[in-house]
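Presented below is the structure to which this report refers.
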């Protein structure tokens, strides 16, 4: 085993005598704390799909995860610090995943390994597939690839270590788990006719009211940002052209035609009323497509506010 | 003991079998006259009788695949397609039963072939076909309470865009948008119009436990013949469990430590291969097949290529794969078999409690083969290497940036030299090493000998395949029983063992690896001889495939992998499959798990599951 060298910990201008180099370090509490956490990041022994095989290969002899203090894969969430979401998250599986995440003690991190865990990957359009674990959990590191090679996973884990290095004990945003009171658990999704995110209950209720009134529901106006993503070289089709083209094609399929007509009617109506309350509320209801990092920051802010409120009481 | 006891008539071809069927059941059995289709259509009222006759008199004792197809828009009917084989070998007897879409109901064949159990449940889950007489007809891949039957042609996903790929939104000139931007929830969900949140109940769990008869019945607690009746205990293993090889789940009912019943619960990795496959173009499905059995992607590629090539062969413009392409295919597939069996043995030992030491050795050997895959196909695991009529590209002259066989340093190799060292020295040596350290181990023997016994007639009845079937004494290997590619000219034996327990399933994997090495040694000189022959497949991006159906099957490391593809709906030849079904060996082998575990202890369940060697990508698809 390599000798422990404390030089990497040393972080002040106080000199260490030559004969004690490597044996004594004068450092800040944050740095010591981060150093010990980053060097014993225990992942959960938890494989979902193809990526799990590469995760196992990473832990095996050639790539040797234990060089980073991460080889202690724990089968119990209570003993683990890091959830490597290694594979496609299905609607049926996301329920146990969220439950497992809630069972992990703080501080806890999530690494989305591969295309599926990051955004649905090749299976995104599938009826039983969640488009990325960040729909439900705050993700710290995304590792691209299908599956990522062991090298890529190692790089992702090193990126996580860097993230931990940047955290400070003095900043509550970095260490919210030292706040007062228990942390709010992530609401566990429910398996109804489709998967239900409890955080969207109000939205679902409002959409159901629209449906009951016979109004179009479940669809949304296409945001300006999407329209801007057109390639410039070829003259882009305009919306009416697309509608007309698809309308003629689908004339023989009444169900699809009805669906398209519904969608177009919704779009037209919203365009006409743009700025007015009815349309605006539907759009505003939708959560901003946030990245994982943003979401985590947002959750923490909410949590801090709660803590402050409690303190004020 | 095995196949010889089954009364075989002299009818050896499926044609004679069909004519006998028509004689026996006049009116109820008709030829499938659709263009490009084969087999017979059986009247659904006579289905069970016909199937029994097939099994008992004609000798078709092995039901390979049973799957549903929805012909919405073509014929307004749904049908179940069955492929039955003889374990003595020979081609399939294909028969179909049709039913109305609005009221889809068919008799269950579970009494004739118990192996139809999961496959019928899958058809019920995804197509909504009711099977009269099925004792446990509930959803298998999705959860109880899911809205609708998703594989029906008129059922649309939340992210539905169009019937065919590539979607217009992905074209360079198109109107680039993401599916979630059109959905109010920003998620891959949609709810029915009459959805009432107030009445929402999560029925997915409750339905799993409802039939178990739990709870204390006071009257049953009385002593009877001097024995105190004990209460049952239910243990839930998975989907997050270190020994379930992924996200598999078992609900085990225990009496003390002994297993009374075991119910597999799956679908935690159901990622809709088949529905996505119907939108994809034919070529487009090739990388998806990699992700079925993700430990043996080359074998999956081969099966799919064979199935579609059978359809191409019925058209007029078709060049079959060159001899070199066939040789490389066999090379890749046999290497994959070795890779898979390394993994299976390593993790079987893991499950037996030898935590990770044997697996580390096995994985280290596996890496050497993956290096070769990476140099050739570009990827370690998801090779996406085969094409219709050939391969993605030839073997490279040299392999760069590959770890050395000896000390893991990055070097540059001549590919053929690397291969010959791998096949002639490295792999045989490591197989011997595994054999030497594991086979005679007292601990392994006491944990595995006689545990998880599967008698041969049950293995056949449950449609078990691959090592599971052959370890029970049934010498059935698709490479010999229904040969494909260049296997007829290669010399190898079908590995078979007779005890049908975990130990034999471990031994048969060693045997199969040795047979694979034997095949590979014959392939090497063929590769040298055919150097320079073209190997590329068809060059179109979106090939049109002639109309018809086909069933391509290969002997994958886990068992018989079959692809049932239907090309329909477009006279010119459609650009995407009408139906793309995968007969997954892991899925169907699990039918035998419950009966194998009854009477054993909880710790044995893990070992029995490990000896079946499942992979969840394929089980759930």
Flagged in segment B:432-468 as in contact with a strand residue (DSSP E or B) (Cβ under 7 Å, 6 or more places away or on another chain) and closer than 17 Å to residue B:341 by Cβ, in numbering order, are B:465, B:466, B:468
Of the conditions (1) closer than 21 Å to residue B:421 by Cα; (2) within 11 Å of chain A (Cβ to nearest Cβ); (3) out of contact with any helix residue (DSSP H, G or I) (no Cβ under 6 Å at 6 or more places or on another chain), the single one that residue B:366 does not satisfy is (3)
One residue is enough: does segment B:46-67 have a residue meeting the conditions modelled with pLDDT under 90, part of a strand (DSSP E or B) and more than 25 Å from residue B:274 (Cβ to Cβ)?
no
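Looking at B:380, B:337, B:324, B:329, which one is surrounded by fewer than 23 Cβ atoms within 10 Å (Cβ to Cβ) and under 24 Å from the mean Cα position of the chain (by Cα)? Walk me through how you get there before you give the answer.
Values: B:337 fails: surrounded by fewer than 23 Cβ atoms within 10 Å (Cβ to Cβ); B:324 fails: under 24 Å from the mean Cα position of the chain (by Cα); B:329 fails: surrounded by fewer than 23 Cβ atoms within 10 Å (Cβ to Cβ).
Residue meeting the stated conditions: B:380.
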Considering only helices (runs of 4 or more DSSP H) wholly within segment A:21-128, the ones with at least 2 residues that are within 14 Å of chain B (Cβ to nearest Cβ) are A:50-59, A:91-103, A:114-119
Those residues of segment A:180-194 which are modelled with pLDDT under 85 and within 14 Å of another protein chain (Cβ to nearest Cβ) amount to A:192
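One line per residue, one yes/no per condition, for (1) more than 9 Å from chain A (Cβ to nearest Cβ); (2) more than 17 Å from residue B:620 (Cβ to Cβ); (3) outside any loop (DSSP other than H, G, I, E, B):
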{"residue": "B:239", "(1), (2), (3)": "no, no, no"}
{"residue": "B:251", "(1), (2), (3)": "yes, no, yes"}
{"residue": "B:260", "(1), (2), (3)": "yes, yes, yes"}
{"residue": "B:271", "(1), (2), (3)": "no, no, no"}
Just wondering, is there one or more residues in segment B:158-170 that are in a strand (DSSP E or B) and either more than 9 Å from every other protein chain (Cβ to nearest Cβ) or modelled with pLDDT under 90 (or both)?
no
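What are the residues in segment A:139-155 that are buried (at least 22 other Cβ atoms within 10 Å of the Cβ) and outside any strand (DSSP E or B), if any? Full working, then the answer.
Looking only at segment A:139-155, we keep the residues that are buried (at least 22 other Cβ atoms within 10 Å of the Cβ), and these are A:139, A:141-143, A:147-148, A:153.
Hits for segment A:139-155 are A:139, A:147, A:148, A:153.
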Just one of (1) out of contact with any strand residue (DSSP E or B) (no Cβ under 6 Å at 6 or more places or on another chain); (2) within 20 Å of residue B:549 (Cβ to Cβ); (3) in a loop (DSSP other than H, G, I, E, B) trips up residue B:36, so point out which.
(1)
So how many residues does segment B:113-139 have that are at pLDDT 90 or above and within 20 Å of residue A:129 (Cβ to Cβ)?
4
From the options B:541, B:580, residue that is surrounded by fewer than 20 Cβ atoms within 10 Å (Cβ to Cβ) and under 23 Å from residue B:165 (Cα atoms):
B:541
Just a yes or no: is a residue in segment B:568-579 part of a helix (DSSP H, G or I), modelled with pLDDT of 90 or more and away from chain A (no Cβ under 14 Å)?
no
Regarding segment A:167-179, can at least one residue be identified that is closer than 30 Å to residue B:190 by Cα, away from chain B (no Cβ under 14 Å) and surrounded by fewer than 17 Cβ atoms within 10 Å (Cβ to Cβ)?
no
Whether any residue in segment B:210-225 is farther than 24 Å from residue A:214 by Cβ and at pLDDT 85 or above is what I want to check.
no
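The values are calculated or read from the model by the stated rules, or taken from the named source; none is laboratory data. The structure displayed is predicted, hence computed values, not measured ones. Ideal geometry is used to build each Cβ from the backbone, glycine not excepted, and the neighbour counts take in all protein chains shown.
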